[in-house]
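The values are calculated or read from the model by the stated rules, or taken from the named source; none is laboratory data. Predicted model, so just to flag it, every value in this text is computed and none were measured. Cβ: placed from backbone, ideal geometry, glycine included. Neighbour counts: every protein chain shown. Protein only, heavy atoms only, side chains kept; ligands, DNA and RNA dropped before computing areas. Shrake-Rupley method; radii C 1.70, N 1.55, O 1.52, S 1.80 Å.
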Amino acid sequence: MNAGIFLVALRRGCTQTFRRPLLPVSSSTVQCRLQSTEPVPAAHLPYRVKVSAGKRYAWCACGHSKKQPFCDGAHRTLAPSFSPLRFTPDKDRAVMLCACKHTKNAPYCDGSHFKVIFQDVVKKVKGVFK
């Protein structure tokens, strides 16, 4: 592009085409990081989900899925080191699926979210008293 045309366009206020596009801002609780190596808590509390016997489910292990607690494939670009945990329940029931992604009994909640909540509170308190 010739500098003269650029200056004329700039004087007329035609800068729309010269700006970088704005990235969409998400209001969800999922935190986005490029190429995550650690799971991102999708929420502080577990999801209560009704599961059906014999049906295969894919639990999101990275925390980037927009269809929490289930995988939507977001790990492929945002956290390639993670893969969903596939499971098949043996009977119809309601289960608590982990949302903090720190459970030792994946995909089921084991109470690890209390530690995650505590760590978040400590970070906020330290930030207030700096």
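Of the numbered conditions (1) in contact with a Leu (Cβ under 7 Å, 6 or more places away or on another chain); (2) modelled with pLDDT of 95 or more; (3) open to solvent by less than 40 Å² (accessible area, probe 1.4 Å), residue 113 satisfies every one except a single condition; which is it?
(2)
Being of a type in the set (D, E, K, R), part of a loop (DSSP other than H, G, I, E, B) and modelled with pLDDT under 50, is that true of even one residue in segment 31-52?
Scanning segment 31-52 turns up at least one residue that is of a type in the set (D, E, K, R), part of a loop (DSSP other than H, G, I, E, B) and modelled with pLDDT under 50.
Being touching a residue at least 12 places away in the same chain (Cβ under 8 Å), open to solvent by 70 Å² or more (accessible area, probe 1.4 Å) and in contact with a helix residue (DSSP H, G or I) (Cβ under 8 Å, 6 or more places away or on another chain): is that true of residue 102 here?
yes
Please enumerate the residues belonging to segment 76-130 that are within 13 Å of residue 48 (Cα to Cα) and among the aromatic types (Phe, Trp, Tyr).
108
Mind listing whichever residues of segment 76-130 are part of a helix (DSSP H, G or I), farther than 22 Å from residue 47 by Cα and more than 15 Å from the chain's Cα centre (by Cα)?
122, 123, 124, 125, 126, 127, 128
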